[in-house]
Every structure is written in structure tokens, then in C-alpha cells.
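Student: Here it is: the structure, laid out below.
The values are calculated or read from the model by the stated rules, or taken from the named source; none is laboratory data. Bear in mind that the values here come from a model prediction, so they are computed numbers and not experimental data. Using ideal geometry, Cβ is built from the backbone for each residue, glycine included, and neighbour counts are taken over all protein chains shown.
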Amino acid sequence: MSQETLALDAEISTRHLSCLETGKAKPSRDMVLLLSSALELDLRERNVMLGSAGFAPMYTSSGLDSLSMAPIRKAVGLLMAQQEPYGALLVDRVWNVLQMNGGALRMMRRFMPVAPEDPKIASNVLRATMHPTGLRPAIVNWVEVAVLLLERMDHECAMYPHDEERLALRDEVRGYPGVAALELPQVPAPAAPVSLVHMKLGEHEARLFTMVTTIGTPLDVTAQELAIESYFPADEATDEWLKQLD
């Protein structure tokens, strides 16, 4: 983004913005918040920007089990229950699984019947998808899925360059066997309106796509970074298979 564009969005002069960028002028707390809003930064990044300017963080990061998060927990529980018999996962910003409904648990038992020795693989969507001992052996179109996930991960790391946890996860996953050789051109031309995950292990087979639900107008870092990944059948056969799982 050019200085001119950012100054226009923030409704300040280009000269003043230039002085802030070069350090000739020191931003006030309100100016930091104004610029972070114009840049559409997430709440975690706004706190980083405030800290860089010498101010205390503004946005809290409450634990999911805290009293203030009770309405969020209730809403999440309702959404995940309504998703049955299909799967749903509650994940954080680095795809750690915080909760799963019965539908997701039943699918996991079919496509990852033996839990990996490292528990962090099964408890993280990205690790489980990319690691050879996770869900990877059951994903028929793993190359396509993996390339799309890597692209998404690289984009997120570029968006949040101060997020050490994201960067560490990216580096870890890129070190898994077979991952370094993946390249974007390996993704086939899309034949559907959404990206599908084709799962098959033994007699069990499913074709799924996901929808992601986030919290509107969040004012807490934890609340903003929560997401519910809901899994839906992409064909009638998968729909029937999911309804018959027990």
C-alpha cells in the first residue's frame, strides 16, 4: 500500500504519515489505532503495533474457559450440535483443535484409526493433514489439498510476520517428508465451486468440503481468532455414509 493510499484511507495528510514512517514524528495512541484500523489489522497485530509505538495493548486475550467468554462457548456449542451428523471443529489461529463434535470424532476414527505417537499431530488440523502418520494416508487428493494449505499458510505468515507461532508451524510442516517437493502448478484446474477433500481408507470413503464460521465484531483477541470448520458432504453417497456412522 502506498503512503498516499494509506493516508487517504486514514484521512490524514501524506506528509504527516511520511514523518511518522521515518520517525520524524511520534504517533499518539489514537493515531496508532487509526492507522491499524485503516490497515485492517487483526486485534493481535493492533496490540503489536501499539507496543511498537510504546503504548500498552488495548485488546484483551481471554481464555476460552473464562467467565467473559461464556456467551461464546454457548454459541459454539449450539453451532456444533446443530452440525450433527456432519463434522465440526473449533480451531484457533494456528489450527489447534479446541473442540470437536460427534460427527468429526466419528470421521477421525474411520480415517485415522491409529492415533499418531506424537499427540500434537492429531490435535492440529494442519499437522494431521500434512504428516504421514496423520490423515495424509487417507486423503486421495492429498497433493491438491496440501498445496492449497501451504499457499494459505504462506499467505497468513506474510500477513502476520510477527506471529512466531505461525512461522514455527509453517517451518515444521514444510519439513515433513514429501512436502518440500510440492509446487503450486500441481493443483489441477478446478472442476467444482469449492475445493474438495476426497477421503478413503478401507471400506470407508467420503468427499467433503468445508465452511468456516467466525465471530462478528470481536473485541477480544481470542474471540477473533476462533473459527468453526464445518464439514459437509459433497455428494449423496457421502451424505448417506455420514448419517449411518455410529
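Student: Hey, among Met80, Met58, Met1, which residue is in a helix (DSSP H, G or I) and either of a type outside the set (D, E, K, R) or at pLDDT 95 or above (or both)?
Tutor: On the way: Met58 fails: in a helix (DSSP H, G or I); Met1 fails: in a helix (DSSP H, G or I).
After applying the criteria, what remains is Met80.
Student: Next question. Being of a type in the set (Val, Ile, Thr) and closer than 30 Å to Asp65 by Cβ narrows it down to one residue among Val147, Val173; which is it? Quick ask: steps written out before the conclusion?
Tutor: Values: Val147 fails: closer than 30 Å to Asp65 by Cβ.
On inspection, the qualifying residue turns out to be Val173.
Student: Same structure again: Suppose we filter segment 61-77 for residues that are farther than 18 Å from Thr214 by Cβ and assigned to a loop (DSSP other than H, G, I, E, B); how many remain?
Tutor: Of the residues in that region, 3 qualify.
Student: I would also like to ask the following. Of the residues Leu196, Leu219, which is assigned by TED's automatic domain parsing to the domain that holds Ala104 and touching a strand residue (DSSP E or B) at 6+ places or on another chain (Cβ under 8 Å)?
Tutor: Working: Leu219 fails: touching a strand residue (DSSP E or B) at 6+ places or on another chain (Cβ under 8 Å).
The match here is Leu196.
Student: Within segment 117-165, can you find the residues that are surrounded by 15 or more Cβ atoms within 10 Å (Cβ to Cβ), under 15 Å from Val97 (Cβ atoms) and charged (D, E, K, R)?
Tutor: The one that is surrounded by 15 or more Cβ atoms within 10 Å (Cβ to Cβ), under 15 Å from Val97 (Cβ atoms) and charged (D, E, K, R): Arg127.
Student: Can you go through Ser18, Ser66, Ser62 and tell me which one is over 23 Å from the mean Cα position of the chain (by Cα) and either surrounded by fewer than 17 Cβ atoms within 10 Å (Cβ to Cβ) or not assigned by TED's automatic domain parsing to the domain that holds Glu229 (or both)?
Tutor: On the way: Ser66 fails: over 23 Å from the mean Cα position of the chain (by Cα); Ser62 fails: over 23 Å from the mean Cα position of the chain (by Cα).
Among Ser18, Ser66, Ser62, only Ser18 is over 23 Å from the mean Cα position of the chain (by Cα) and either surrounded by fewer than 17 Cβ atoms within 10 Å (Cβ to Cβ) or not assigned by TED's automatic domain parsing to the domain that holds Glu229 (or both).
Student: Still on this model: Within segment 139-155, restricting attention to residues that are touching a residue at least 40 places away in the same chain (Cβ under 8 Å), assigned to a helix (DSSP H, G or I) and over 14 Å from Tyr176 (Cβ atoms), which residue is farthest from the chain's Cα centre (by Cα)? Steps first, please.
Tutor: Filtering segment 139-155 for residues touching a residue at least 40 places away in the same chain (Cβ under 8 Å) gives 139-141, 143-145, 147-148.
Among the residues that remain, those that are also assigned to a helix (DSSP H, G or I) are: 143-145, 147-148.
Subset that is over 14 Å from Tyr176 (Cβ atoms): 144, 148.
Working: Glu144: 18, Leu148: 13 Å.
The qualifying residue farthest from the chain's Cα centre (by Cα) is Glu144.
Student: Where residues in segment 84-100 are within 19 Å of the chain's Cα centre (by Cα) and in a loop (DSSP other than H, G, I, E, B), which of them is surrounded by the most Cβ atoms within 10 Å (Cβ to Cβ)? Spell out the reasoning first.
Tutor: To start, the set of residues in segment 84-100 that are within 19 Å of the chain's Cα centre (by Cα) comprises 87-100.
Right, trim to in a loop (DSSP other than H, G, I, E, B) and you get 87, 92-95.
Details: Gly87: 25, Asp92: 15, Arg93: 18, Val94: 18, Trp95: 21.
Taking the candidates together, the pick is Gly87.
Student: Also, I was wondering about something else. So how many residues does segment 10-37 have that are under 11 Å from Met49 (Cβ atoms) and of a type in the set (S, T, N, Q)?
Tutor: Looking only at that region, the number is 2.
Student: Within segment 198-246, track down each residue that is part of a loop (DSSP other than H, G, I, E, B) and more than 18 Å from Met100 (Cβ to Cβ).
Tutor: Narrowing segment 198-246 to residues part of a loop (DSSP other than H, G, I, E, B): 202-203, 214-220, 226, 234-235, 245-246.
The answer is Gly202, Glu203, Ile215, Gly216, Thr217, Pro218, Leu219, Asp220, Ala234, Asp235.
Student: Which residue, of Glu11, Glu45, is over 30 Å from Gln99 (Cβ atoms), outside the structural domain of Arg93 (by TED's automatic domain parsing) and of a type in the set (D, E, K, R)?
Tutor: Numbers: Glu45 fails: over 30 Å from Gln99 (Cβ atoms).
Selected residue: Glu11, the only one of Glu11, Glu45 that is over 30 Å from Gln99 (Cβ atoms), outside the structural domain of Arg93 (by TED's automatic domain parsing) and of a type in the set (D, E, K, R).
Student: Under the condition of being in a helix (DSSP H, G or I) and of a type in the set (Lys, Arg), which residue from segment 18-52 is nearest to Glu156 (Cα to Cα)?
Tutor: Of all residues in segment 18-52, those in a helix (DSSP H, G or I) come to 18-22, 29-38, 43-52.
This time we only want the ones that are of a type in the set (Lys, Arg), so: 29, 44, 46.
Values: Arg29: 26, Arg44: 13, Arg46: 16 Å.
Out of the qualifying residues, it is Arg44.
Student: Same structure again: Please pick out the residue among Gly178, Gly216 that is surrounded by fewer than 16 Cβ atoms within 10 Å (Cβ to Cβ), within 23 Å of Asn124 (Cα to Cα), of a type outside the set (Phe, Trp, Tyr) and modelled with pLDDT under 95.
Tutor: Just a single option satisfies the conditions, and that option is Gly178.
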